[in-house]
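For reference, the structure is listed below as structure tokens.
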Amino acid sequence: MTIPELKINDLHVSVEGKSIVKGFDLDMKGGEIHALMGPNGTGKSTVASALMGHPKYEVTSGEALLDGENLLDMAVDERARAGMFLAMQYPSEVSGVTNADFLRTAINGRRGEGNEIPLMKFIKTLDKKMQMLDMDQSFAERYVNEGFSGGEKKRNEILQLMMLEPKFAILDEIDSGLDIDALKWVAKGVNAMRSETFGCLIITHYQRLLNYIRPDKVHIMMNGRIVKTGGPELALQLEKEGYDGMKAELGIKDDETVEA
Amino acid sequence: MSIQVKDLPFDAEEISKFAEKRNEPKWFSDIRLKGLAHAEELPLPAPEKTRIADWNFTHFNYQIRSSAGSQLSELPQPVQKVMPRDAGNVLIHVNGVPVYSHVAEHLKEQGVIYTDLATAIREYGELVANYYFKTTPIDRHRLTALNAAVVNGGTFLYVPKNVTISEPFQTVYYQDAPSSGLVAHTLVVAEENSSVTFVESYLSDQAVGEGAANIVDEVVAKANAQVRFGAVDEFTEQMVTYVSRQAEIARDGRIQWALGQMNDGNTLSENATNLEGDGAAADIKAVSVGSGSQKQNFDNYVRHVGKATQSQLLVRAAQMDASNSIFNARTKIERGASGADGEQTQRVLMLSDQARGDANPILLIDEYDVIAGHAASVGRVDPDQLYYLMSRGIKQAVAEKLIVEGFLAPIVDLLPIDTVRDQLTTLIERKVG
Ligand SMILES: Nc1ncnc2c1ncn2[C@@H]1O[C@H](COP(=O)(O)OP(=O)(O)OP(=O)(O)O)[C@@H](O)[C@H]1O
Ligand SMILES: [Mg+2]
């Protein structure tokens, strides 16, 4: 099997006419886990949404290639079927649609007509993955995210990740709102996905998650672009010094001053 | 501008003969003639914002014979589909004619009556006469009068005092005679302290072509009685439907309506619940999907008369293609109905630029000490939900379908017979797909 590759070059993204992401670069291959950290409002979720194709986020320039194919030309569902996955910071609730139906529809959407997953196989796989995440079986028949607690929603995102087996996943603050046990279960799920054919970008504010999912690279994002890349030790340094320390080291001023 | 009403295609002589042929008692044929007289004079109803003057409510063939055999295996395929998987209490009408029925012995022994209207007026005439056209006046308008005049089908369900039944009673009407009209009248009577579940399905085949349905359902729940009433309407697109479902609820009585209003043709629907007794309660849930170029008008009405009466009304609808539907929800709290609590919610999802949907919440309150609330919205599919589903690889059309089906699910889930629930689910899938 070939190793998948995601290349993002000089990405610029605007939201409602306001420029947020300003020259974001990232190269990622299957088998790699990257962490993306940065202060609030710096554009991390905006990068994720733009890559997934949220209609509100307008890519004004730059490119994003998945195995050489232009992601930005594709509709949201096509990007997903091409192998992209985004665990959202705020997952939507869909009333009246059970988790199981949702997942089966999504899986069959990828497999295509005539190649649907046999029901028994689906149920077995779902059972197994839910067990791995310590999710109660009842979540299969509950409506998508409706009435789920914050932590349950996050776990449900990872369940979808495990069921859909994408080439690349972006996990946007998957650790926020998780208690320490839930964090371990989620990490276990992600670690189980580790393979040559899967790459993962973890957006987080806390180094703690990275103790459980060890990243190959850590990127620091400020003012709409990556300003520093390093190994796991970078997250530790950040934890100690905070963003102000990092800014001083890099000679970065606040957004307004840069723009002015 | 005066509304031009087409003349009626039948007269008193013809109707008397029809009644005679059916061996009907005099009191019943008298009601027919009275209905005819009213139908000749009264205007059509005037539903708000829906023009029905040119809908064909009156020209159809009401003297039809059933084409179906009376063996279960001979029943039309669509009927067999909605039959219970195990032997239940069922009554099947084809072109208005009862062709099959089954009622559990132990229920008959308890005095439960479940039969077609024609049989009921012959065998339980007095009982039927007590309830026939009592919640709904014959002379409300031309269409109720027409129902009285040419009724050619219907069901009678009677549950004696203190009898509580968990198994549902099911009625299926199937039309396939060309240009036919189904004029059905159903009575559900639950005596004091009784409890019953009734579900009706209306189906037609394309063979009917231009036909009509005129349905009047009357429900009476006596003190402390409980009625669960489910319905799925599935008439083909060239059939014009008038359907009235009305209930009268006595002290501490309760009704739950679960209505799947899925006709493909023009439809005028009146649903009304009269909470007459203190502590009476109503739970009304209705779903519809407008498709093609059909026009529909749904009026859901609850009247609070007794003290501490409660009502909850939930209407959910999806409008596809170039369909046009008006949804009126009316909650009326009469003076003296202190402690009443009436809530209504109507939500309409628009799935096409050519579709039209209008939700009108109406509260009429003549008493101080009450709680009443309404919510009405007409909107589009939530773009964030759509994005979420699509981000998992689901195509837009499929994602929209999932969202709409999910939106309508709370009512589907309420239908007490699984085959009827399946009927409604399949129907929604077809109409939304
Ligand atoms: N849909 C939107 N409408 C308006 N403004 C938006 C929208 N999405 C993002 N923004 C703005 O873009 C900027 C970057 O937001 P983004 O969510 O990408 O930040 P983030 O780095 O993910 O922050 P956090 O760490 O708080 O999640 C913020 O100023 C935010 O207000
Ligand atoms: Mg964010």
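The values are calculated or read from the model by the stated rules, or taken from the named source; none is laboratory data. Remember, it's a predicted structure, so these values are computed and weren't measured experimentally. Please note: Cβ atoms are built from the backbone with ideal geometry, for glycine as well, and neighbour counts cover all protein chains shown.
Per-structure values
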item	result
Subset of region A:187-199 [within 11 Å of A:PRO4 (Cα to Cα) and either of a type outside the set (Ser, Thr, Tyr) or under 14 Å from the mean Cα position of the chain (by Cα) (or both)]	A:GLU196, A:PHE198, A:GLY199
Unmet criterion (only one of (1) within 16 Å of ligand 1 (Cβ to nearest atom); (2) touching a residue at least 60 places away in the same chain (Cβ under 8 Å); (3) not aliphatic (A, V, I, L, M)) for A:PRO55	(2)
Residue check for B:VAL159: in contact with a His (Cβ under 8 Å, 6 or more places away or on another chain) and among the β-branched types (Val, Ile, Thr)	no
The one condition in (1) over 25 Å from A:LEU126 (Cα atoms); (2) more than 16 Å from ligand 2 (Cβ to nearest atom); (3) crowded, with 20+ Cβ neighbours inside 10 Å; (4) small (Gly, Ala, Ser) that A:ALA80 fails to fulfil	(1)
Pair list, Cβ under 8 Å, 6 or more apart: region A:12-26 residue within 13 Å of A:ALA48 (Cβ to Cβ), other residue away from ligand 2 (no atom under 16 Å from the Cβ) and of a type in the set (S, T, N, Q)	A:VAL13/A:SER19; A:VAL13/A:THR60; A:ILE20/A:SER14
Qualifying residues in region A:73-130 (those that are over 19 Å from the mean Cα position of the chain (by Cα) and on the phi > 0 side of the Ramachandran plot) - the one nearest to the other protein chains (Cβ to nearest Cβ)	A:GLY96
Residue list for region B:292-343, filter: within 14 Å of B:ILE249 (Cα to Cα) and in a strand (DSSP E or B)	B:TYR301, B:VAL302, B:ARG303, B:HIS304, B:GLN310, B:SER311
Test result for A:LEU183, under 19 Å from A:LYS129 (Cβ atoms) and out of contact with any Ser or Thr (no Cβ under 7 Å at 6 or more places or on another chain)	yes
Residues of region B:358-400 satisfying the condition of being under 25 Å from A:ILE158 (Cα atoms), surrounded by 20 or more Cβ atoms within 10 Å (Cβ to Cβ) and not β-branched (Val, Ile, Thr)	B:GLN385, B:LEU386, B:TYR387, B:TYR388, B:LEU389, B:MET390, B:SER391, B:ARG392, B:GLY393, B:ALA399, B:GLU400
Hey, B:THR425 surrounded by fewer than 20 Cβ atoms within 10 Å (Cβ to Cβ), in a helix (DSSP H, G or I) and within 14 Å of chain A (Cβ to nearest Cβ) or not	yes
Flag if B:VAL420 is away from chain A (no Cβ under 14 Å) and not small (Gly, Ala, Ser)	yes
Checklist (1) within 14 Å of chain A (Cβ to nearest Cβ); (2) more than 25 Å from B:ALA231 (Cβ to Cβ); (3) touching a residue at least 24 places away in the same chain (Cβ under 8 Å) applied to B:GLY393, failing item	(3)
Given (1) more than 19 Å from A:PHE148 (Cα to Cα); (2) surrounded by 21 or more Cβ atoms within 10 Å (Cβ to Cβ); (3) not charged (D, E, K, R), number of the condition A:THR197 does not satisfy	(2)
Unmet criterion (only one of (1) without any contact (Cβ under 8 Å) to a residue 40 or more places away in the chain; (2) polar (S, T, N, Q); (3) under 29 Å from A:GLY242 (Cα atoms); (4) more than 14 Å from chain B (Cβ to nearest Cβ)) for A:ASN70	(3)
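Condition check ((1) at pLDDT 95 or above; (2) within 14 Å of chain A (Cβ to nearest Cβ); (3) farther than 20 Å from B:PRO47 by Cβ) across all residues:
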| residue | (1), (2), (3) |
| --- | --- |
| B:GLY336 | yes, no, yes |
| B:TYR387 | yes, yes, yes |
| B:GLU405 | no, yes, yes |
| B:VAL412 | no, yes, yes |
